[in-house]
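Engineer: Below are the structure tokens for one structure; questions will follow.
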Amino acid sequence: MATISCSLPQLPPCTHSPRPYTGPAKDEVIALRKAHLNPAIFTYYAKPLMIVEGHMQYLYDETGRRYLDGFGGIVTVSVGHCHPKIVAAVNRQNEILQHTTTIYLNPVVAEYARDLAARMPGDLKVCYFTNSGSEANDLAILMARAYTGNFDVLALRNCYHGGSMQTMGLTSHHTWKFNVPHSFGVHHAIFPDRLRGPWGYGDPDAGRKYADDIRNLIEYGTPGKVAAFIAESIQGVGGAVVFPDGYLARAYEHVRAAGGLCIADEVQAGFCRTGSHYWGFETQGVIPDIVTMAKGIGNGAALAAVVTTPAIAQALTSRIHFNTFGGNPVACTQGRAVLQVIDEDHIQHNAARVGARLRSGFDRLAAKHDIICDVRGLGLMLGIELVKDRKSKEPAKAECAQVFEHCRDLGLLIGKGGLYGNVLRIKPPMCLTEADADFLVEVLDESLRRL
Ligand SMILES: Cc1ncc(COP(=O)(O)O)c(C=O)c1O
């Protein structure tokens, strides 16, 4: 049986004091949720955790206990929980105007679109706003079909693009797919799986080899013409899978040769998370035709966007396209404040610096714990894959779940993913400090030691 270390990792000090919690007790919330909420939702952890307050990279439960948030509400809190500058901007807007639709002029959505477009490369200058990533991807596919006049869409195995009927068809994990017709016209290419696939990390030509499956799929599975290819810039739910160099460039060549548009899903990898670039696709040296964004765009607001070129955007004018909350002034104020905070707080630089520290800590853990077979990711989008045996690579799903519980006990919240649920996902708010990173690595070390 594992022994308990006498000196447990300590959270770095924090001056924030959570308010005393006066709401319903945890058991009451569990009962309410059981009685009145969708039974398909699930909670993390054997004993569910109740979160009642957040401050930057920290979360507090109802007893006032502080946790380091290593998952950002599923990669959504990009610059910090209740970031004071964002709260102030949104509070101001809440007092002035909470809702108007695009049938009237309002400066907030226009200025926000300008600011967002200013951060995009090439001719990506026109924004559509939606409320969720699934809606954004739905719209991107519609746009590509309307623009090209083609129907077939290519996606990658191991991807996650949402849970609406259409995006469920794009998503490529059986665990997220209901047994209903949803994938009509969607084809899944093999993903560049350098851990388990035919071309590994040692193959300098892996990017080209994996991308050539896109050409095969077009030739064998479609009329030779496609509407679009959609890919996350780093696969998130699939377990922080980073593509080999040259992969997207080659894949885009095949797609464009077949008349298709290239869609980058930046829902998780965007807004500086990679540390080296503002957008994940830039790490592959490509410029997509359509970019979809959600989660980190709003730091917790129900906000998402599709950004494309003026010519492609024009394709949707053949019918009315309308979204009640798309462009909502409160959500757009929050989005605009996020852009400002990214600049003012030097978020990209921090993601690179603290991400590198985490990464080297994880590499040290991999040298020490045989259960770790792969450490991957970029910046503050990292994954640690656990296996029962490094040779067979049999996924260590149960062990991953145990590590996950131990982390929570020690004050660290992280995510898990991958098709087999054996990848620890670390994607914290990007205000994480180096002291937080050291705590995170120490907690993981202790949690792995307890197995
Ligand atoms: C890469 C990616 N795309 C799209 C989505 C769907 O976003 P939403 O849950 O806001 O619909 C997600 C959600 O996890 C995602 O990770």
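Engineer: Could you look through region 77-88, keep only residues that are among the small types (Gly, Ala, Ser) and within 19 Å of Cys272 (Cβ to Cβ), and pick out the one that is surrounded by the fewest Cβ atoms within 10 Å (Cβ to Cβ)?
Structural biologist: Looking only at region 77-88, we keep the residues that are among the small types (Gly, Ala, Ser), and these are 78, 80, 88.
Still in the list and also within 19 Å of Cys272 (Cβ to Cβ): 78, 80.
On the way: Ser78: 29, Gly80: 26.
So the residue we want is Gly80.
Engineer: Quick one: Tyr220 ticks every box in (1) under 24 Å from Val387 (Cα atoms); (2) open to solvent by 80 Å² or more (accessible area, probe 1.4 Å) except a single one, so which number is it?
Structural biologist: (1)
Engineer: Sticking with this one: State yes or no: is Leu116 open to solvent by less than 50 Å² (accessible area, probe 1.4 Å), over 30 Å from Val443 (Cα atoms) and either more than 16 Å from the ligand (Cβ to nearest atom) or in contact with a Leu (Cβ under 7 Å, 6 or more places away or on another chain) (or both)? Walk me through how you get there before you give the answer.
Structural biologist: Numbers: open to solvent by less than 50 Å² (accessible area, probe 1.4 Å): yes; over 30 Å from Val443 (Cα atoms): yes; either more than 16 Å from the ligand (Cβ to nearest atom) or in contact with a Leu (Cβ under 7 Å, 6 or more places away or on another chain) (or both): yes.
Yes.
Engineer: Further question on the same structure: Against the definition (among the hydrophobic types (A, V, I, L, M, F, W, C), within 16 Å of the ligand (Cβ to nearest atom) and either in a helix (DSSP H, G or I) or open to solvent by less than 40 Å² (accessible area, probe 1.4 Å) (or both)), how does Ile74 come out, yes or no?
Structural biologist: Yes, satisfied.
Engineer: Follow-up question, since we're still on this one. Look through region 299-319, keep the residues that are in a loop (DSSP other than H, G, I, E, B) and surrounded by fewer than 24 Cβ atoms within 10 Å (Cβ to Cβ), and return whichever of them is nearest to the ligand (Cβ to nearest atom).
Structural biologist: Narrowing region 299-319 to residues in a loop (DSSP other than H, G, I, E, B): 299-303, 309, 319.
Checking which are surrounded by fewer than 24 Cβ atoms within 10 Å (Cβ to Cβ) leaves us with 300-302, 309, 319.
Details: Gly300: 12, Ala301: 11, Ala302: 8, Thr309: 21, Arg319: 23 Å.
Among those that are in a loop (DSSP other than H, G, I, E, B) and surrounded by fewer than 24 Cβ atoms within 10 Å (Cβ to Cβ), it is Ala302.
Engineer: Is one or more of the residues making up region 97-111 under 21 Å from the mean Cα position of the chain (by Cα) and either open to solvent by 20 Å² or more (accessible area, probe 1.4 Å) or small (Gly, Ala, Ser) (or both)?
Structural biologist: no
Engineer: Here is a further query. Determine whether Pro329 is within 23 Å of the chain's Cα centre (by Cα), open to solvent by less than 10 Å² (accessible area, probe 1.4 Å), more than 24 Å from His346 (Cβ to Cβ) and more than 13 Å from the ligand (Cβ to nearest atom).
Structural biologist: No.
Engineer: While we're here: When residues of region 93-119 are filtered for being without any contact (Cβ under 8 Å) to a residue 12 or more places away in the chain and among the charged types (D, E, K, R), how many remain?
Structural biologist: 2
Engineer: Considering only region 262-280, I want to know if a residue exists there that is open to solvent by 10 Å² or more (accessible area, probe 1.4 Å) and aromatic (Phe, Trp, Tyr).
Structural biologist: yes
Engineer: List, please: which pairs have Cβ atoms under 8 Å, are six or more places apart or on different chains, and start with a residue in region 404-416 that is in a strand (DSSP E or B) and end with one that is of a type in the set (Asp, Glu) and crowded, with 19+ Cβ neighbours inside 10 Å?
Structural biologist: Note: pairs meeting the criteria are Leu413/Asp69.
Engineer: I've got another one for you. Can you tell me which residues in region 120-167 are open to solvent by less than 10 Å² (accessible area, probe 1.4 Å) and within 7 Å of the ligand (Cβ to nearest atom)?
Structural biologist: Asn137, His161, Gly162, Thr167
Engineer: Report, by residue number, each residue of region 223-261 that is more than 11 Å from the ligand (Cβ to nearest atom), open to solvent by 20 Å² or more (accessible area, probe 1.4 Å) and touching a residue at least 60 places away in the same chain (Cβ under 8 Å).
Structural biologist: Pro223, Lys225, Val242, Gly259
Engineer: A further question on this structure: Just give me the residues in region 281-298 being within 15 Å of the ligand (Cβ to nearest atom) and open to solvent by less than 50 Å² (accessible area, probe 1.4 Å), in sequence order.
Structural biologist: Phe281, Pro288, Ile290, Val291, Thr292, Met293, Ala294, Gly296, Ile297, Gly298
Engineer: Still on this structure, please answer the following. Quick one: Asn350 ticks every box in (1) among the polar types (S, T, N, Q); (2) open to solvent by less than 10 Å² (accessible area, probe 1.4 Å); (3) under 19 Å from the mean Cα position of the chain (by Cα) bar one, so which box is it?
Structural biologist: Here Asn350 meets the rest and fails (2).
Engineer: What is the one condition in (1) open to solvent by 40 Å² or more (accessible area, probe 1.4 Å); (2) aliphatic (A, V, I, L, M); (3) in a helix (DSSP H, G or I) that Ala437 does not satisfy?
Structural biologist: Here Ala437 clears every test but (1).
The values are calculated or read from the model by the stated rules, or taken from the named source; none is laboratory data. Because the structure is a prediction, the values reported are computed rather than measured. With ideal geometry, Cβ positions are generated from the backbone for all residues, glycine too; neighbour counts draw on all protein chains shown. For accessibility, only protein heavy atoms count, side chains too; no ligands or nucleic acids. Shrake-Rupley method; radii C 1.70, N 1.55, O 1.52, S 1.80 Å.
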